[in-house]
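Asker: Let me begin by handing over the structure; questions about it come next.
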Amino acid sequence: MAAVMSNRSSSTNPDEPVAAGEIEPGYVKRLTGKAIVGILVLGVLVGLAGAYFESHMVTASEWVTGSLGLPGLLLGVALTDTIISPVPPDLFLIVIAKGELASSWAWVGPLAGFASAGGGFAGSFVGRAIGTRWLGARTRRLLAEQGPVLQRYGVWAIVLGAVTPLPFSVVCWLAGMARIRPVQIAAVSLLRVPRFVLYYLFIVYADRLGAMLIP
């Protein structure tokens, strides 16, 4: 806790919620730029994969869907945002887009967003309970890197984590460590729902564009 939030005033009660700071326009602009670049890279990768490995992607997606079922997929989404892991939840959107659940995306996509929001909310309680205990050095460094963001922006950092490249699981974990009120975390985490829908649609259209441009 001290390593991540080391710059907090010594007079601050650690059990008090952290107030949201004013967002610096330049910081948001940089995050927006990273988000655009990340989305474009994702689109290129999905388009190329769809053009050259379509049958393999469909087979793999149908196998994952058949093995896990919808409950298993949603649990996977939730777990990737509960624990700090290198697996992005967007991989499950590709599985949905290329498998039999694609025809039901209008409700499966938002449901995955709710699963992600629930995972982040659960992660905040994990962070509140154990802090950095039992974490590896790499995860500790990641928490230390993102700690100042949460310290400065408070609950707004969760907003940024929900819709930008800031790792959502890390931000929620830190929010729990910083004793941000659970009701605030829960409310802001719901931004994952429209984010998941928009990312799903982008993945679908990037895949179609790749199939059109690469014969």
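The values are calculated or read from the model by the stated rules, or taken from the named source; none is laboratory data. Quick caveat, the model's predicted, so the values are computed rather than measured. Every residue, glycine among them, receives a Cβ derived from its backbone with ideal geometry; neighbour counts consider all protein chains shown.
Asker: Of the residues Val77, Val95, only one is touching a residue at least 40 places away in the same chain (Cβ under 8 Å) and part of a helix (DSSP H, G or I); which?
Answerer: That would be Val77, the only listed residue that is touching a residue at least 40 places away in the same chain (Cβ under 8 Å) and part of a helix (DSSP H, G or I).
Asker: Something else about it: Of the numbered conditions (1) crowded, with 20+ Cβ neighbours inside 10 Å; (2) outside any loop (DSSP other than H, G, I, E, B); (3) of a type in the set (A, V, I, L, M, F, W, C), Val126 fails exactly one; give the number of that condition.
Answerer: (1)
Asker: Every residue in the range 167-198 that is buried (at least 22 other Cβ atoms within 10 Å of the Cβ) and out of contact with any Phe, Trp or Tyr (no Cβ under 8 Å at 6 or more places or on another chain), please.
Answerer: Result: Phe168, Ser169, Val170, Val171, Trp173, Leu174, Ala175, Met177, Ala178, Ile180, Val188, Phe196.
Asker: Hey, another quick one. Among the residues of the range 51-60, is any farther than 12 Å from Val95 by Cα and without any contact (Cβ under 8 Å) to a residue 12 or more places away in the chain?
Answerer: The answer is yes; a qualifying residue exists.
Results for (1) farther than 30 Å from Ala211 by Cα; (2) of a type outside the set (D, E, K, R), shown as yes or no for each residue.
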site: Leu73; (1), (2): no, yes
site: Ala78; (1), (2): yes, yes
site: Glu100; (1), (2): no, no
site: Ala112; (1), (2): no, yes
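Asker: Look at the range 178-205 and say how many of its residues are within 14 Å of Gly161 (Cβ to Cβ) and β-branched (Val, Ile, Thr).
Answerer: Qualifying residue count, the range 178-205: 3.
Asker: Now for a separate question. Might you check whether a residue that is under 19 Å from Gly47 (Cα atoms), buried (at least 17 other Cβ atoms within 10 Å of the Cβ) and modelled with pLDDT under 90 occurs anywhere in the range 99-113?
Answerer: yes
Asker: Give me the pairs, please: first residue somewhere in the range 179-208 and at pLDDT below 90, second residue anywhere and of a type in the set (Ser, Thr, Tyr) and assigned to a helix (DSSP H, G or I), beta-carbon distance under 9 Å, and either six or more positions apart or on two chains.
Answerer: Here the result reads Ile180/Ser124, each pair linking the range 179-208 to a residue that is of a type in the set (Ser, Thr, Tyr) and assigned to a helix (DSSP H, G or I).
Asker: Let me ask you something else. From Ala35, Ala2, Ala60, Ala49, which residue is outside any helix (DSSP H, G or I), of a type in the set (A, V, I, L, M) and either farther than 25 Å from Arg140 by Cα or modelled with pLDDT under 80 (or both)?
Answerer: Checking each option against the conditions leaves just Ala2.
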